[in-house]
Amino acid sequence: MNAGNTKTVLICDNEARVRQALKALLLAREVPGEKSASPAIQVVGEACHGSDAVRMVELLQPEVVLMDASMPGISGIEAARLIKRKWPNVRIVMLTMYPDTRTEAADAGVDAFLLKGCLAETLFDAILT
């Protein structure tokens, strides 16, 4: 873990707008109970393909990977499987529009499965758990 109670996060989504929106949302989160404003989440990188996600986990060593299920090349599900095999302690939160991928995501070792459009607090809880 990074300084204090901050979680390091890698955002993986093939849509640049989604990555930017998630980054802005995550960076706005503050650690509850801290006297001075302190981010609860530090975004350490972004990936737009599953293969990039795997490579960036190796380089950046994030605690949490926020991953879409459907990406070009290696899918988010396959990337999650590869990440969990090599770095089992990395928490993977799948955030997707495809509810039918839940079982496949669970089989790949995903720690949390959320649908895009979920409440921000639900997303924060999944990342900070």
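Listing for the model above:
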item	result
Selection within region 44-59 - in a helix (DSSP H, G or I) and either of a type in the set (Ser, Thr, Tyr) or in contact with a Pro (Cβ under 7 Å, 6 or more places away or on another chain) (or both)	Ser51
Qualifying positions in region 56-73 - among the β-branched types (Val, Ile, Thr) and either in contact with a Leu (Cβ under 6 Å, 6 or more places away or on another chain) or modelled with pLDDT under 95 (or both)	Val65
Residue match in region 102-114 (condition: hydrophobic (A, V, I, L, M, F, W, C), surrounded by 15 or more Cβ atoms within 10 Å (Cβ to Cβ) and in contact with a Phe, Trp or Tyr (Cβ under 6 Å, 6 or more places away or on another chain))	yes
Output for region 83-101, where each listed residue is buried (at least 18 other Cβ atoms within 10 Å of the Cβ) and either within 20 Å of Arg19 (Cβ to Cβ) or not charged (D, E, K, R) (or both)	Ile83, Val90, Arg91, Ile92, Val93, Met94, Leu95, Thr96, Thr101
All positions within region 75-110 that are charged (D, E, K, R) and touching a Ser or Thr at 6+ places or on another chain (Cβ under 8 Å)	Arg91
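The values are calculated or read from the model by the stated rules, or taken from the named source; none is laboratory data. Remember, predicted model here, so these are calculated numbers, not experimental data. Positions of Cβ are backbone-derived with ideal geometry, glycine not excepted, and every protein chain shown enters the neighbour counts.
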